[in-house]
1. Being more than 9 Å from ligand 1 (Cβ to nearest atom) and in a strand (DSSP E or B) narrows it down to one of 186, 194, so name that one.
2. Could you grab me the full set of residues in the stretch 411-437 that are crowded, with 24+ Cβ neighbours inside 10 Å and in contact with a strand residue (DSSP E or B) (Cβ under 6 Å, 6 or more places away or on another chain)?
3. Inspect the stretch 279-296 for any residue being within 14 Å of ligand 1 (Cβ to nearest atom), in contact (Cβ under 8 Å) with a residue 40 or more places away in the chain and assigned to a helix (DSSP H, G or I) and give the result as yes or no.
4. From 85, 24, 47, which residue is in contact (Cβ under 8 Å) with a residue 12 or more places away in the chain, within 16 Å of ligand 2 (Cβ to nearest atom), in the same structural domain as residue 117 (by TED's automatic domain parsing) and surrounded by fewer than 16 Cβ atoms within 10 Å (Cβ to Cβ)?
5. Does any residue of the stretch 157-173 turn out to be more than 16 Å from ligand 1 (Cβ to nearest atom), surrounded by 20 or more Cβ atoms within 10 Å (Cβ to Cβ) and under 15 Å from the mean Cα position of the chain (by Cα)?
6. Checking residue 264 against (1) touching a helix residue (DSSP H, G or I) at 6+ places or on another chain (Cβ under 9 Å); (2) surrounded by fewer than 21 Cβ atoms within 10 Å (Cβ to Cβ); (3) modelled with pLDDT of 95 or more; (4) farther than 30 Å from residue 445 by Cβ, only one condition comes out false. Which one?
7. Among the residues of the stretch 8-21, write down those that are touching a residue at least 60 places away in the same chain (Cβ under 8 Å) and over 24 Å from residue 59 (Cα atoms).
8. Taking the conditions exactly as written (buried (at least 17 other Cβ atoms within 10 Å of the Cβ), within 16 Å of ligand 2 (Cβ to nearest atom) and closer than 20 Å to residue 463 by Cβ), does residue 120 satisfy them or not?
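The values are calculated or read from the model by the stated rules, or taken from the named source; none is laboratory data. Just so it is clear, the model here is predicted, and its values are computed rather than measured. Every residue, glycine among them, receives a Cβ derived from its backbone with ideal geometry; neighbour counts consider all protein chains shown.
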Ligand code: NAI
Ligand code: MG
């Protein structure tokens, strides 16, 4: 009897499990994988099964001190500081090639640790290679300027790296977050201490192993799995850190800002959102509806830029609500490795309970529950797609970031009303408008207060396109030319001729 060869998904899963089962997962400090000084470890679970995957070394203050010292040494060492821009480009391209060669494995580790469906994890891991390539191209284009003067002087600027960058990332798309943070910092000549999220840190560790294989000088990247209030806070407060880049909740972002006052390190923040997705009656409804569902269900809604407030023009509200609900009902939840699974579990029991409390709040506030609201039967922190319609923008479910597959459909009258309500939020990360009227499309995107806008699409990304928040969605930008400023500082020079 012949046994059928494993499917690519099964093969990737087996490879990921083999890697997870190897020797303990440790901290990367100065090019060495080491145990935490305290010897402590913590568990990481598979949110689809609630079972233990493995234990991971738990960094605390002493480990942060060691990693920051290693990053400082690497920053000052000629092997990194004197590397030519072209060599840096090649270094980032080697990382991109490594990542690309390991997409199935990285995706499978991510699916196991975070719970996201394999198709989603594969798309995210694939994007990582492009992100390293995008920033590889920037290395030789981090330009200073020459400044007009009267001829008796020469004035110019140098754009220099910041130094040691602390980076704190969340659990929602970990390998993508780690890649963005590494690539942006390294292309500008910085060194990094990355603290992945305690709930899903394995792909950050695997990514760092792959990067180590490309012969990056030791200490250029350091990785410290650990908890927020200990390792994260130690990094944000550290006197030896020049910049802290944080992605996560707005509440923690504010704490990071307070902690960063210790030495006034530079701070960039990518925080929460409650993005408006505005559909006018003249829009291509087939596309608008399919995309509206994809944006609130993708990654089970655990996406900072997700379109969680769907504004629909009054005349088509009922039709769109009906169609959105029936499309969302096709988002089958289940085993992240199954080919027909579109929706994975939420990251944790806490996150599931949090999302449930919002579903309850929606019902109590009088919004109409069109889809969902049924508890998941079985293991895993699953929440099925949930759609409320006839929501009022002032309701809690329309104002607070839920981070689950929960949509608020809100009717609007006309352009002014859409803009007014769309902007009635403390956030401003992203927004979209759907219409066939070209003038209206551009007027509305100009009026919406958010950092990334889409017309007739939602959620598509290009590393050349800046990403970041208006209002309480953050400080600074990632991606695009703006992100080079976020990882460099200008030095101005006058020469008396
Ligand atoms: P969180 O903001 O606590 O976690 C993000 C990262 O911050 C993790 O690495 C965590 O260890 C770290 N952290 C936590 N406390 C810290 C501190 N005092 N100092 C330094 N670092 C610290 O997010 P959490 O609690 O896991 O999720 C709660 C809510 O936050 C979600 O429901 C969602 O609304 C929002 N969130 C938003 C994200 C985004 O990308 N905008 C990502 C993750 C969560
Ligand atoms: Mg996990």
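1. 194
2. Those that are crowded, with 24+ Cβ neighbours inside 10 Å and in contact with a strand residue (DSSP E or B) (Cβ under 6 Å, 6 or more places away or on another chain): 418, 422, 430, 431, 432, 433, 434.
3. Scanning the stretch 279-296, I find at least one residue that is within 14 Å of ligand 1 (Cβ to nearest atom), in contact (Cβ under 8 Å) with a residue 40 or more places away in the chain and assigned to a helix (DSSP H, G or I), so the answer is yes.
4. None of the others qualify; the one that does is 24.
5. no
6. Every condition holds for residue 264 apart from (1).
7. Result: 8, 9, 10, 11, 12, 13, 15.
8. Here the answer is yes, as residue 120 does meet what is asked.
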